[in-house]
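Below is one structure; the comments refer to it alone.
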Amino acid sequence: MRPEDGQLLGGGSAGEVFAVPSADGDVVLKVFPGRLYQRTRSRLDRELERLSALDGQILVPDAVEELSDGRCALRSELCTGSLQDLIEAMGPLPIADVLVLGSAIATTLAAAHEAGIVHGRLTPANVLFRATGEPVLNDFERTLRPVFVRDPGHGSQLLAPEKTVDERSDLYGLGVVLHLALTGSPPDEDQHREDAPIDLLALTSHLLAEDPAARPADATLVAEILAGLAEESVVEEPRQSPLVTIAPEQPHRKRSRWPALTIGAATVLVVAAWFVLPDSTETAAQALPGPAIPATSSASAKPKVEPAAPVDHGSTVELSWQAPEGFASAIVIAGETGDAKTTIVRQQRTVRIPVEPGRKYCFRVQITDGGTVEESTPIPIRGAHCHP
């Protein structure tokens, strides 16, 4: 199967990214437009070995693959989306989540810089979210960037103005991430956030200073400042319980030190409580607790999400649905043992979800335009009984 037969997720300065099915579920292939020669492959292998020390905090490719047409690709875990995607769909994050996210990224950058590793192109598109809700930094591999140049100007407006690659340019990238999370806009659009702590706004401004010497001394200092502001935020206004509860990570993957974000109901898909109902010999399993979705003033005006019958492929289930144009989608899956997870699929209207063969599941499709949130009735497979 060619990567182009999968789903195109996007492209960067050097390669294109596709989601493709595999025996272990869907994975990501970052495809580069040429053959990987031995000297470059050796350099890449050494780089990946160095990056593996940070596995769990950053997304490290699982393997280097040679495609049938000679092109090379990096295989990685499939995440649910990026910070860029989330902001485009839902708008700015709650302040508490900005602080948690910023502290996590700064902590990871500090660990990378201590190990002598620099990202060099940190943007909101490189901040991904695992199925657990935990953020992880992507695209630390620098070996292939100068070898395969697909779009040299890609994302350049978000990079440090000095155009050098070092620890200070990574700090500028962190400033871009914070600015987007706070305002929903890139740094060239000067917007403010009235509910943000003045210290957070000042820190973001310093990170985005044109003069590298005017930025904070290092990522460790930034992490300490953000962690302190996060603690103050908890004292002043306790954070809500997570609205989305998802299954733990797979055991083969090192657990990230980054916490999952608690996103407010105004900025993400709100998951209503629903259950896989037991047969007489089964135990009831709660899937996703959350607040009820408020009714709109006119039932006839409600957007509709209409799922088709699921197609069971054994290790995956193919779901498809119809929804109004402009609405982002997410799939919520609950198993009979109580585990559940949410996968944001944005503008897709069909997706394959990995499942365990023989287990019963219930699915819901949720859609939102950033304000209105609607969901389908539960979709059972394999004789599961789902609460309406």
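Rule-based calculations on the coordinates, nothing more; no lab input. Keep in mind that what you see is a predicted model, and the values were worked out from it rather than measured. Cβ placement follows ideal geometry from the backbone for every residue including glycine, while neighbour counts extend to all protein chains displayed.
In the set (1) under 25 Å from Val165 (Cβ atoms); (2) in contact (Cβ under 8 Å) with a residue 60 or more places away in the chain; (3) in contact with a Gly (Cβ under 9 Å, 6 or more places away or on another chain), Val60 fails one condition alone, (3).
Taking the numbered list (1) buried (at least 21 other Cβ atoms within 10 Å of the Cβ); (2) more than 19 Å from Arg145 (Cβ to Cβ); (3) of a type in the set (Val, Ile, Thr) in turn, Val27 passes all entries but (1). The set of residues from region 345-368 being more than 16 Å from Leu319 (Cβ to Cβ) and surrounded by 15 or more Cβ atoms within 10 Å (Cβ to Cβ) comprises just one member, Thr368. Within region 106-120, one or more residues are buried (at least 19 other Cβ atoms within 10 Å of the Cβ) and in contact with a strand residue (DSSP E or B) (Cβ under 6 Å, 6 or more places away or on another chain). Within region 63-75, one or more residues are of a type in the set (A, V, I, L, M, F, W, C), without any contact (Cβ under 8 Å) to a residue 24 or more places away in the chain and surrounded by fewer than 20 Cβ atoms within 10 Å (Cβ to Cβ). For beta carbons closer than 8 Å, sequence separation of 6+ or different chains, a first residue in region 305-331 that is of a type in the set (D, E, K, R) and a second that is not in a strand (DSSP E or B), the qualifying pairs are Glu306/Ala323; Glu306/Ser376; Asp312/Arg382; Glu318/Pro310.
Within region 1-48, the set of residues being part of a helix (DSSP H, G or I) and either more than 27 Å from Leu122 (Cβ to Cβ) or small (Gly, Ala, Ser) (or both) comprises Glu4, Asp5, Gln38, Arg39, Ser42.
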